[in-house]
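Enquirer: The following block contains the structure, expressed as C-alpha cells.
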Protein chains: 2
Amino acid sequence: MPNPSDVQLVVVGSVGLDTVETPAARRADVLGGSVSYACAAASFFTRVGMVGVVGSDFPDQGLAVYERFGIDLNGLQRAAGKTFRWSGVYERDMNARRTLSTELNVFAAFQPDLPAAYRATPYLFLANISPELQLHVLGQAERPRFTAADTMDLWIETARDSLMALIAKVNMLTLNDTEARQLTGESSLVRAARTVLGWGPDFVVIKKGEHGSMLFSNSGLSVLPAFPLEAVSDPTGAGDTFAGGFMGFLAREGRIDEAGVRRAMAFGSVVASFCVERFSLERMQELTEPEIRQRFEQFRRMVSF
Amino acid sequence: MPNPSDVQLVVVGSVGLDTVETPAARRADVLGGSVSYACAAASFFTRVGMVGVVGSDFPDQGLAVYERFGIDLNGLQRAAGKTFRWSGVYERDMNARRTLSTELNVFAAFQPDLPAAYRATPYLFLANISPELQLHVLGQAERPRFTAADTMDLWIETARDSLMALIAKVNMLTLNDTEARQLTGESSLVRAARTVLGWGPDFVVIKKGEHGSMLFSNSGLSVLPAFPLEAVSDPTGAGDTFAGGFMGFLAREGRIDEAGVRRAMAFGSVVASFCVERFSLERMQELTEPEIRQRFEQFRRMVSF
C-alpha cells in the first residue's frame, strides 16, 4: 500500500462522469472532472493525492484507472447518491463549448477535507470549486510551499468577495482569458494580469486554450503557444491537465523561481497537448515519460529562434 | 539620389488612404495599404522598393513619409483620379474588423510593372493583390532568390485557379488562419499548412493576429506567440508589417534556411508589435533599430524555457 504521507501534491476539485460530443465523436459517462485530469497529469512527475467526492454509482473501473496512475485516493470521499455529471458539445471551433447539462448530485454537498496525512503537503492545487470551499481547504494546509487556485466565470459573478480573499492568499492564480477580462474589467490581458498580481499572488497564469498561455510575475512575463496538433479529439480537461502537469513538475523539481515556473508551464502545456488527442483520460493512460520528454524537446525547438 | 539598383527587396501591393475606428480613437485618410506597411517595416533592415499606385489626390506628405523611411519610390505609379480608400471599424475584440467601405479608385486599373532596375531584385514580396497581377509581376522578376506572396479570402473564392498557379511558383505563402482553412478545407492549421506545402512552396506562414504565427516547412514547424502588449491602438496593417519585417530581415541576412527564416519571423513579429501600438505608420515613423533589437531580445526571453 502506498503511504499517503508520501504525497507531495494535493489536488482538490470535482470528479465527474462526462458525456462529451465533439466533431470527432461522442462519449458517454467517461471519467472527467478537474481532479481526474489534474491528478493524472501530475502523476507523471510526483506522488499526487486526490481530494474529491464520488457517488455510489461510480465505477470501480474508474478507481482502477486512478490507481494505475499511482494517484493516492485517501482523500477521495464516497457518498450515497449519484456522481457529478456534466455533458457538453464542442462545435467546429474547439475553443467554444456549449454545456448541455450539469447534475451536481453528490458534489452539491461536497465538504472537502484534507486527510490528516495531507495537511503537511508542500504543494496544493485548488482546482475549480467554490472559493469558499477553496478557502476552507487552504486553511487546513499547515505550511504549504506553493499553492495555486483555478476559478471560473460563475464564481467571479456570484462569489466575488470570497474569490478576492482566496486570490490574496495563494501563490498562483490560473484562469482563462475571458475570465481574466471579466474579473478585472481590463480588455488587455497584460493589464488584467498585472491587476491580479496587485492583489497578492506571486504568479498569474492566463490560459488561452489552443492559443497557449501566459505567465506573469512581478519579475517577468512569459508567453507560450500551445503545442500544435494535427487533430484535437476532445479539449475537455485541457486546462486542468495543464495545471496538474505544471504543479506536478514544480513539486518534483522544487524550484519556485521564474525559470522553474516557466519550465513547469512548458511541461504542463506538453501534457495537455497529449490529453486532447483523445477523449477523457484515454491518451494519458497510455502516455509514457519518454514521450513527454521528447515532445518537450520538440516544443522547445519549435519556439526557439 | 538613391540608386534604384541598390534595392534588395521589392514589395508590390496597394497604397491606400484609410479611415479607421477602434475603441481607442478614429483617424481619417491616414496612410495605409499593404505596401505602405510592408515597405516601412522592411526599411529597418534593407533597401526596399515600393510598387503601387496613388491618385492625384495623394498628399505630398505621404510621399515624404515614405522617403524618410528610405523607401525607393521608382516603382510608385501616379495616376489621374483618386487614391484607393478603405474604411473600417474594430470592435472590442481587435481580431475582428468590419469593413465600412472600399473605393478602389485608381487601384482598379493598377497594372503593376517592375521598373527595369527592379527586375533583378533578389527578394520579392507580392502583397495582397489579385493572383493574376501577382503572377504578372512574378514573371518580370528575372532571378529572384526568394519570393513570397500574401492573399485573402476574396481571391480564394473568386480566383482560385490563378492563386493555385501562384502558390506553385513562390517560395513562401503567407495567409491568416481563416484563409488557411478556407483554402484547404482543413480545420486543423497543421494539416492546412501541410496541404499548402504539398502544392509547392518551401515555407508557409499562418498568421493568427494577436495569437501569433506559425511557420511550416518540409523540415520543421515553428510557432510564435505575438509579443504581448498592454494596449493595441490599431491592428490595421499588422500582417503586412510582419511580412515586410520578415522579408526585410531575410534580405539583409541572406540566410534562407530554417534558422534564418525563424529569426526573420521573430523580427517580423517584433516590428508588427510596434506598428499596432499606434495608428497607421505613426509608431514606425518614430521607431529605432535599438528599440527593435531590445524588444527582439525581450521576446526571446519571454518564449524561452
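Every number in this text was worked out from the coordinates using simple rules, so none of it is lab data. These figures come from a predicted structure and were not determined experimentally. For neighbour counting, all protein chains shown are included, and Cβ atoms are generated from backbone atoms with ideal geometry for every residue, glycine included.
Enquirer: Farthest toward the dipole's positive end in region A:4-303, which of A:Val106, A:Ala24, A:Leu229, given Cβ charges of +1 (Lys, Arg) and -1 (Asp, Glu) about the Cα centre?
Expert: A:Leu229
Enquirer: Same structure, new question: Write out the GluC sites (Glu not before Pro) in region A:156-236 meeting two conditions: DSSP loop, and at most 11 other Cβ atoms within 10 Å of their Cβ.
Expert: Passing both the DSSP loop test and the Cβ count: A:Glu230.
Enquirer: Once you charge only the Cβ atoms, +1 for Lys and Arg and -1 for Asp and Glu, what is the size of the charge dipole of region B:175-283 about its Cα centre, to the nearest 20 debye?
Expert: The dipole magnitude comes to about 220 debye.
Enquirer: Please report B:Ile129, B:Ile256, A:Ile167 as a ranked list, fewest other C-beta atoms within 10 angstrom at the top and most at the bottom.
Expert: Lowest to highest Cβ neighbour count: B:Ile256, A:Ile167, B:Ile129.
Enquirer: I'd like the GluC sites (Glu not before Pro) in region A:49-117 restricted to DSSP loop residues with at most 14 other Cβ atoms within 10 Å, sorted by number.
Expert: Those that pass, being in a loop and sparsely packed, are A:Glu91.
Enquirer: Rounded to the nearest 5, what % of the DSSP beta bridges within the protein assembly as shown are antiparallel ones?
Expert: 40 percent
Enquirer: With +1 on the Cβ of every Lys and Arg and -1 on the Cβ of every Asp and Glu, and nothing else charged, how large is the dipole of chain B about its Cα centre, in debye rounded to the nearest 20?
Expert: It comes to approximately 560 debye.
Enquirer: A further question follows. Can you compute the charge dipole magnitude of the protein assembly as shown about its Cα centre, using +1 on each Lys and Arg Cβ and -1 on each Asp and Glu Cβ, nothing else charged? Give it in debye, rounded to the nearest 20.
Expert: Once rounded to the nearest 20, the dipole reads 840 debye.
Enquirer: Here's another thing I want to ask about it. Can you tell me how the protein assembly as shown classifies by the Cα gyration tensor, rounded, prolate or oblate, using a/c under 1.5 as the rounded cut?
Expert: prolate
Enquirer: Tell me, what are the semi-axes, in whole angstrom and largest first, of the equivalent ellipsoid of region B:1-147 as set by the roots of 5 times the Cα gyration tensor eigenvalues?
Expert: Rounded to whole Å, the semi-axes are 26, 16, 16.
Enquirer: Determine the percent antiparallel among the DSSP beta bridges restricted to region B:1-121, to the nearest 5.
Expert: Of those bridges, close to 45 percent are antiparallel.
Enquirer: State whether chain A is rounded, prolate or oblate according to the following rule on the C-alpha gyration tensor (a ≥ b ≥ c being the square roots of its eigenvalues): a/c under 1.5 gives rounded; otherwise a/b larger than b/c gives prolate, and the remaining case gives oblate.
Expert: rounded
Enquirer: Counting DSSP beta bridges in region A:4-303, what percent are antiparallel, to the nearest 5?
Expert: Roughly 40 percent of the beta bridges in region A:4-303 run antiparallel, per DSSP.
Enquirer: Under a crude label model (7 Å from the Cα following the beta-carbon direction), how far is B:Ala116 from B:Arg145 in nanometres?
Expert: For the pair B:Ala116/B:Arg145, the computed spacing is 2.5 nm.
Enquirer: Kindly flag which residue pairs out of A:Lys169/A:Lys208; B:Lys82/B:Lys169; A:Lys169/A:Lys207 have an alpha-carbon separation exceeding 26 Å in this structure.
Expert: Correct reply: B:Lys82/B:Lys169.
Enquirer: If I model a spin label at A:Arg92 and B:Arg300 as a point 7 Å from the Cα along the Cα→Cβ vector, what separation in nanometres do I get?
Expert: Output for this residue pair reads 4.1 nm.
Enquirer: What 222 nm value per residue comes from the helices of chain A, counting each DSSP H run with n ≥ 4 as -39,500 (n - 2.57) and dividing by all residues, nearest 500 deg cm²/dmol?
Expert: -11000 deg cm²/dmol, from helical runs alone.
Enquirer: Still on this structure, I have one more. Would you please classify the overall shape of region B:193-305 from the alpha carbon gyration tensor, given that a ≥ b ≥ c denote the square roots of the eigenvalues, rounded means a/c under 1.5, and beyond that prolate means a/b larger than b/c while oblate covers the rest?
Expert: Since a/c reaches 1.5 and a/b is larger than b/c, the shape of region B:193-305 is classed as prolate.
Enquirer: Considering Cα pairs under 8 angstrom that are at least six residues apart, work out the relative contact order of region B:1-95 and quote it in whole percent.
Expert: 35 percent
Enquirer: Based on alpha-carbon centroids, what's the gap between region B:237-305 and region A:261-297 in Å, whole number please?
Expert: Rounded to whole Å, the Cα centres lie 31 Å apart.
Enquirer: If you take every residue apart from A:Arg85 with its C-beta less than 9 Å away from the C-beta of A:Arg85, what net charge results, scoring Lys and Arg +1 and Asp and Glu -1?
Expert: Surrounding charge for A:Arg85 is -2.
Enquirer: Now for a separate question. Give the separation of the Cα centroids, region B:6-28 to region B:49-94, in Å.
Expert: Distance between centres, Cα-based: 7 Å.
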